[in-house]
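The values are calculated or read from the model by the stated rules, or taken from the named source; none is laboratory data. Computed from a predicted model, the values in this text were never measured in an experiment. Every residue, glycine as well, gets a Cβ built from its backbone with ideal geometry; the counts of neighbours run over all protein chains shown. SASA here: full protein model, heavy atoms, side chains in, ligands and nucleic acids out. Shrake-Rupley method; radii C 1.70, N 1.55, O 1.52, S 1.80 Å.
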Amino acid sequence: LVLTADLPQLTRKPTPEHTEFETHVRWTLRLFGDWKGGAAVVEPDAAKRREIVRANHQLVMATAKEFEPDVVMVGNLDFVGHLFLKELLDQGVPVLHRLGNALPGFEPAAAPKSPRYCLAGCSEWVNDNLRAKGYPFTRYAVLPPGSPLAEYYRAFPPQRSMLKIAFASLLMPYKGAHVLMEALGHLKKSGIAFECTFAGDTTSPDYLEKIKAFAAQRGFLNRLQFPGFLAKKELAALYARTNVLVFPSVFEEPFGKTQIEAMAAGLLVISSGNGGARDIIRDGETGLFFRNNDSADLAEKLAQMQQQPELASRIAAAGQKDAFRFTTAVSVDRLEAIIGELVAAAGS
């Protein structure tokens with residue numbers, strides 16, 4: 001049974017597996033925040049925030065009483081509230097907190113200390129960050145998001161006669177699309193041929209128009225494509241016609257899933273290396289890092305890989321092999337093992 005909030009403005013066209021799964025979903029939680037203009041926005045009324053937290057607390061506990069779960073898995077709680085964690089644990093219900101953000105949604109003083117609670121960050125970087133901030137969790141685990149990488153896998157390596165670059169993320173400032181665009185400007189100035197696809201949505205049309213204007217002013221807009229959001233099959237098709245993925249995020253990414261998907265497709269991944277990216281890529285072995293927010297360094301890495309296609313192919317092949325540490329099946333196996341340990345600990 002899944003409890004979540006209802007955000008119709010973020011709805012995607014459901015796939016058949018989504019439709020089948022949604023019989024288990026209740027859209028009954030409320031959020032005291034929203035996503036507007038490319039940023040998280042908190043409800044300004046403190047009384048309203050408290051009312052939403054109380055309502056969510058009561059709903060979770062009433063649902064737990066009705067459903068009688070053996071274990072509860074929670075996700076990112078930033079706009080939901082967290083007080084129900086203690087009550088569930090006090091009632092003997094084990095809790096797996098699978099965290100995809102850098103922070104758990106509460107201060108260190110409010111961290112559960114029960115042996116029935118496990119904080120499972122999506123990367124070792126997330127866990128190390130929490131330890132450094134003084135969160136006194138007694139149990140940590142690493143639980144990456146995983147991906148159905150076989151659906152992206154290509155048996156034959158891509159051609160490398162020209163740079164064919166993919167960006168696959170939100171077209172937002174914190175995801176660094178402008179850093180890649182500036183790097184393409186350096187390549188154009190150096191006379192290096194390229195094509196680039198910027199795949200992804202934006203909640204900031206002004207930002208998208210600004211980076212397009214940059215390309216138009218420098219005479220390479222005709223080398224770019226902007227297909228918008230791509231579903232799984234469309235994303236696999238993008239990877240099949242490109243040879244490099246640039247992941248230029250300028251903030252500390254907890255993980256960065258498109259990196260493993262592109263690696264599985266045989267692309268060379270060039271990443272800013274922030275946050276959890278260092279759990280995924282070994283610089284110079286399975287991918288490349290460039291200096292964060294440094295478009296000139298990114299352009300240099302792209303030019304180097306164009307000039308040394310054998311090196312690019314060798315790194316990409318090693319990355320493709322290594323990516324399969326992060327399949328959905330591996331993550332599910334790990335998830336089930338952690339849940340089994342928590343249930344056993346609760347029983348004892």
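Computed quantities for the displayed model
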{"quantity": "Identity of the residue in segment 1-20, modelled with pLDDT of 90 or more and of a type in the set (A, V, I, L, M, F, W, C), that ends up farthest from Leu171 (Cα to Cα)", "calculated": "Leu1"}
{"quantity": "Qualifying positions in segment 217-243 - over 16 Å from Lys188 (Cβ atoms) and out of contact with any strand residue (DSSP E or B) (no Cβ under 9 Å at 6 or more places or on another chain)", "calculated": "Ala231, Lys232, Lys233, Ala236, Ala237, Ala240"}
{"quantity": "Wholly enclosed strands (runs of 3 or more DSSP E) of segment 181-288 bearing at least 1 residues of a type in the set (Gly, Ala, Ser) and more than 21 Å from Pro158 (Cα to Cα)", "calculated": "224-228"}
{"quantity": "Number of positions in segment 21-51 that are touching a Leu at 6+ places or on another chain (Cβ under 9 Å), over 24 Å from Leu171 (Cβ atoms) and either open to solvent by less than 90 Å² (accessible area, probe 1.4 Å) or of a type in the set (D, E, K, R) (or both)", "calculated": "6"}
{"quantity": "Hey, Leu180 of a type in the set (A, V, I, L, M), farther than 30 Å from Trp35 by Cβ and crowded, with 21+ Cβ neighbours inside 10 Å or not", "calculated": "no"}
{"quantity": "Total residues in segment 304-327, condition in contact with a Pro (Cβ under 8 Å, 6 or more places away or on another chain) and surrounded by 16 or more Cβ atoms within 10 Å (Cβ to Cβ)", "calculated": "4"}
{"quantity": "Filtered residue count, segment 103-126, keeping only those that are open to solvent by 30 Å² or more (accessible area, probe 1.4 Å), more than 19 Å from Val71 (Cβ to Cβ) and out of contact with any strand residue (DSSP E or B) (no Cβ under 9 Å at 6 or more places or on another chain)", "calculated": "6"}
{"quantity": "Test result for Leu342, crowded, with 20+ Cβ neighbours inside 10 Å and either at pLDDT below 95 or closer than 23 Å to Ser190 by Cβ (or both)", "calculated": "yes"}
{"quantity": "Answer from Ala213, Ala265, Ala240, Ala199 - the residue that is more than 18 Å from Lys175 (Cβ to Cβ), of a type in the set (Gly, Ala, Ser) and either surrounded by 18 or more Cβ atoms within 10 Å (Cβ to Cβ) or in contact with a Leu (Cβ under 8 Å, 6 or more places away or on another chain) (or both)", "calculated": "Ala265"}
{"quantity": "Residue match in segment 56-75 (condition: touching a helix residue (DSSP H, G or I) at 6+ places or on another chain (Cβ under 8 Å), surrounded by fewer than 14 Cβ atoms within 10 Å (Cβ to Cβ), farther than 29 Å from Phe251 by Cα and in contact (Cβ under 8 Å) with a residue 12 or more places away in the chain)", "calculated": "yes"}
{"quantity": "Segment 283-303, residues that are open to solvent by 70 Å² or more (accessible area, probe 1.4 Å), more than 15 Å from Leu180 (Cα to Cα) and either in contact with a helix residue (DSSP H, G or I) (Cβ under 9 Å, 6 or more places away or on another chain) or modelled with pLDDT under 95 (or both)", "calculated": "Glu285"}
